[in-house]
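Enquirer: First the structure, then my questions, so here it is.
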Amino acid sequence: MIDLRAKPFYLDDEAVRWVEETKARLSLEDKVGQLFCVCCREGTQEEVDWIYDILNPGTLLLRQMSVSEGVKYNHMIHEKAKVPLLLAANLELGGDGVASEGTCVGAPMAIAASGKVEYAKELGRISGIEGKAMGVNWALAPLVDIDYNWRSPIMNVRTFGSHPEEVRAMGEAYVKAVQQQGLAACPKHFPGDGRDERDQHLVISVNDLSCEEWDRTYGANYKACIDAGTLSVMIGHIMLPSYERYFNPEIRDEDMLPASLSPVLMQKLLREKLGFNGLIATDATTMAGFIIPMPREKAVPTTIARGADIFLMSRNLKEDYGFMLEGVKNGIISPERLDEAVTRILATKAALGLHKEWKPLDEQEAKRLVGAPEHKAVAKRIADEAITLVKEEKGVLPITPEKYRRVLLYPIETTEKAQGLTAAASAAAKMKTMLEERGYQVDTYVPYKEMEGNIPPMSSVVGVYDLIIYVANLVTKSNQTVVRIEWAMPFGSNTPVYVTKIPTIFISVANPYHLVDVPRVKTFINGYTGNAETMESLLEKLEGRSEFTGVSPVDPFCGKWDARL
C-alpha cells in the first residue's frame with residue numbers, strides 16, 4: 001500500500017478521495033494511457049488530435065514555443081484531457097526550456113562557479129515562475145549527476161560540477177525552490193551519470209563506483225533531494241554493477257540491466273534503501289540505452305513492471321501504446337503494479353492541486369513573467385560572478401581599442417540552437433558586435449583553401465592583427481560521442497598557431513575542457529553559458545571593467561600537465 005498522506009505527497013482526505021475515485025472510473029485503456037509522457041513539438045491542434053486519437057495520456061512533455069503558442073496549446077489540451085495532465089519541461093537552465101522568450105538563468109556549472117547555493121535556488125525559483133506561467137507543473141530538473149569524466153559528451157556544463165557536496169547542496173536548493181512555485185521537481189539521472197565517457201542516448205552507460213563510493217556521492221545526492229521532498233525522480237539507462245551484485249551476488253555480467261529496466265535499482269535501492277515514495281519516471285525511451293537490452297515489445301511493459309511509473313516519450317506512439325496494453329493483458333504488468341503506478345501518478349497530480357478547479361492561463365500575465373527584467377538581472381549577476389579566468393598571459397589583459405585596435409575573431413560553434421542563442425545570434429557574432437561597438441576593428445577568420453606550398457604567408461596575419469580572440473560554443477547534445485574541437489581543413493587551418501607572435505585569448509562558453517585541445521594558449525576563460533548576459537559580462541572583464549571572480553568547479557586542465565603551461 002502507498003501512504004498518500006506521507007512524504008512526498010502529503011495528501012488530505014479530499015485529495016486521497018479524488019485519487020481513489022479517479023482511478024476507479026478509469027478503464028484499462030485509460031490507466032495505460034496515464035503511464036505515457038508524450039513529447040509535444042508542434043503546439044498545434046493537429047498534434048493534439050493526433051495524440052488523443054491514439055490514447056489519453058497522463059503527461060505531456062512540452063518543447064520550446066512562444067508564450068502565445070504555449071497559452072493556446074494549454075487550452076487545447078485542457079479541452080481534450082479526461083484527467084488533469086502533468087505538463088513537463090526541461091527547465092535545467094531556466095524558463096527558456098519551455099518558452100522562446102524565457103530566461104536562460106545560466107548553466108548549472110556557471111552557478112557552481114559562482115560558489116553560491118543561493119543562485120541554485122534562484123534557478124529553481126525562476127524556472128518555476130516562468131514554467132508555471134506556461135502551464136508547466138513538472139520540471140525535469142535538476143541534474144544531480146557529478147561531472148567526474150571530462151570526456152563525457154552529454155554531462156559537462158549541465159552539471160553543478162565534479163564536487164559531490166556542492167552538487168548535493170545546489171540540487172537540493174533547486175528542488176526546494178521549484179516545488180515552492182507549485183511544480184514537481186525531478187532529480188536525474190538515477191543512479192548517476194558523469195562517470196562514463198559514453199552517452200546513454202547511444203549505448204547503455206555505466207556508473208562504475210563501488211557501493212560505498214556511490215553511497216557517499218550519488219546516493220547522498222539523491223537522499224538529500226528525497227529528504228527535501230522531491231515528488232519525482234528520473235531513472236537513466238545507466239548500469240550500476242556494484243549494487244546489482246550487492247543485491248544479487250550470482251548475477252552474470254551479461255544479465256546486468258540499466259536502471260530503467262532493473263527492479264534491483266528501482267525497487268531495492270531507490271525505494272527501499274533510499275526511502276523514496278514518490279513518482280519514478282524513465283528517461284526518454286527513445287534512447288539506445290533503453291532499446292539495446294531486450295526487444296522493445298518486451299522492454300516497454302517491463303520498465304513499468306519492474307518499478308517505473310511513467311514511460312517517457314515513444315519511438316512510435318501507437319506501437320508503444322500497443323506494446324504496453326499487450327504487456328498488461330499477457331501479465332508482464334500485473335493489475336496490482338498497474339494500479340500502483342497509476343496511483344502514484346494521480347497522487348502527484350493531487351499533490352500539485354490539479355484535482356481542483358482548472359484556471360485558464362492569462363496570456364498577458366504570462367508575458368509579464370516570462371523573461372521578466374528582474375529574472376534577466378539575476379542571469380546577469382550569475383554570469384558576472386561565474387566567469388572564470390583559468391590562466392592568463394602576463395600583460396595581455398585588460399584589452400582596449402587603443403591597445404588592440406585590429407582583432408581577428410575565430411568562431412568555433414555548433415550550428416544548432418545552443419543555450420539561449422541561435423546560430424544567427426551566436427556567441428561569436430554577439431562578441432563581434434560588442435567589440436565593434438566599443439571601437440575595435442574586427443575581422444572573422446575564414447579558413448584558407450590552399451595546400452602545401454601555397455598556404456597564405458604568416459604576414460597575412462602577423463603584423464595585420466594586434467589580438468586574436470577565439471569564441472568556442474560547442475554545446476553537449478545527444479547523438480554525439482565527443483565534445484572536442486573539430487578543426488577546419490586543411491591542416492587545422494584555424495588552430496592557434498600564432499600564440500608566440502600575437503596575443504591570443506581563448507573563450508569557451510559551453511565546455512570548460514577545451515584546454516585539452518589548445519594547451520599552449522596562455523589566456524583561457526570559461527563562461528559556461530552562451531547567453532547574452534554572459535557575453536556582455538565577458539567583454540566587461542576583458543576590458544578590466546569587472547573583476548574575474550569565478551572559481552572552476554571542475555579541473556579545466558583535464559589532468560594534462562601541458563595545459564597549465
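The values are calculated or read from the model by the stated rules, or taken from the named source; none is laboratory data. All figures in this text were calculated on a predicted structure; none of them were measured in a lab. Neighbour counts are summed over all protein chains in view; Cβ atoms, including those assigned to glycine, are modelled from backbone coordinates with ideal geometry.
Enquirer: Out of curiosity, is P496 outside any loop (DSSP other than H, G, I, E, B), under 24 Å from T523 (Cβ atoms) and not acidic (D, E)?
Expert: For P496, the condition - outside any loop (DSSP other than H, G, I, E, B), under 24 Å from T523 (Cβ atoms) and not acidic (D, E) - is not met.
Enquirer: All but one of (1) out of contact with any Gly (no Cβ under 8 Å at 6 or more places or on another chain); (2) without any contact (Cβ under 8 Å) to a residue 40 or more places away in the chain; (3) among the hydroxyl-bearing types (S, T, Y) hold for S508, so report the exception by its number.
Expert: Failed condition: (1).
Enquirer: Let me confirm something: among L261, L279, which residue is closer than 22 Å to E29 by Cβ, buried (at least 24 other Cβ atoms within 10 Å of the Cβ) and in contact with a Ser or Thr (Cβ under 7 Å, 6 or more places away or on another chain)?
Expert: L279
Enquirer: What number goes with the only condition from (1) on the phi > 0 side of the Ramachandran plot; (2) touching a residue at least 40 places away in the same chain (Cβ under 8 Å) that A288 does not pass?
Expert: Of (1) on the phi > 0 side of the Ramachandran plot; (2) touching a residue at least 40 places away in the same chain (Cβ under 8 Å), only one is false for A288: (1).
Enquirer: Considering region 120-141 alone, what residues qualify as being surrounded by fewer than 24 Cβ atoms within 10 Å (Cβ to Cβ) and over 22 Å from L312 (Cβ atoms)?
Expert: K121, E122, R125, I129
Here is a yes/no grid of residues against (1) outside any helix (DSSP H, G or I); (2) touching a helix residue (DSSP H, G or I) at 6+ places or on another chain (Cβ under 9 Å); (3) among the β-branched types (V, I, T):
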| position | (1), (2), (3) |
| --- | --- |
| R125 | no, yes, no |
| G135 | yes, yes, no |
| F160 | yes, yes, no |
| E166 | no, yes, no |
| M170 | no, yes, no |
| V203 | yes, yes, yes |
| C225 | no, yes, no |
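Enquirer: If you don't mind, another one. When the residues of region 363-412 are filtered to those that are in contact (Cβ under 8 Å) with a residue 40 or more places away in the chain, within 30 Å of G102 (Cα to Cα) and among the acidic types (D, E), which remaining residue is surrounded by the most Cβ atoms within 10 Å (Cβ to Cβ)?
Expert: E385
Enquirer: Among (1) more than 30 Å from E166 (Cβ to Cβ); (2) under 20 Å from the mean Cα position of the chain (by Cα); (3) in a loop (DSSP other than H, G, I, E, B), there is one condition G106 misses while meeting the rest; what is its number?
Expert: So G106 meets the others, but not (1).
Enquirer: When region 288-307 is examined, which residues are found to be hydrophobic (A, V, I, L, M, F, W, C) and surrounded by fewer than 24 Cβ atoms within 10 Å (Cβ to Cβ)? Can you show your working first?
Expert: Start the filter on region 288-307 by keeping residues that are hydrophobic (A, V, I, L, M, F, W, C), which leaves 288, 290-292, 294, 299-300, 304-305.
Listed by number, the residues that qualify are A288, I291, I292, M294, A299, A305.
Enquirer: Still on this model: Of the residues Q200, Q181, which is surrounded by fewer than 24 Cβ atoms within 10 Å (Cβ to Cβ), modelled with pLDDT of 95 or more and within 28 Å of G95 (Cα to Cα)?
Expert: Q181
Enquirer: A further question follows. Just give me the residues in region 339-365 being modelled with pLDDT of 95 or more and among the charged types (D, E, K, R), in sequence order.
Expert: D339, E340, R344, K349, K356, D362, E363, E365 - these are the residues of region 339-365 that are modelled with pLDDT of 95 or more and among the charged types (D, E, K, R).
Enquirer: Same structure again: If we keep just the residues of region 56-103 that are without any contact (Cβ under 8 Å) to a residue 40 or more places away in the chain and farther than 19 Å from A366 by Cβ, which is farthest from the chain's Cα centre (by Cα)?
Expert: K80
Enquirer: Search region 26-48 for residues that are in the same structural domain as D309 (by TED's automatic domain parsing) and among the acidic types (D, E) and pair each with any residue that is part of a loop (DSSP other than H, G, I, E, B) and buried (at least 17 other Cβ atoms within 10 Å of the Cβ) when their beta-carbon atoms are under 8 Å apart and the residues are at least 6 apart or on different chains.
Expert: Matching pairs, first to second residue: E29/L55; E29/N56; D30/N56; D30/V83.
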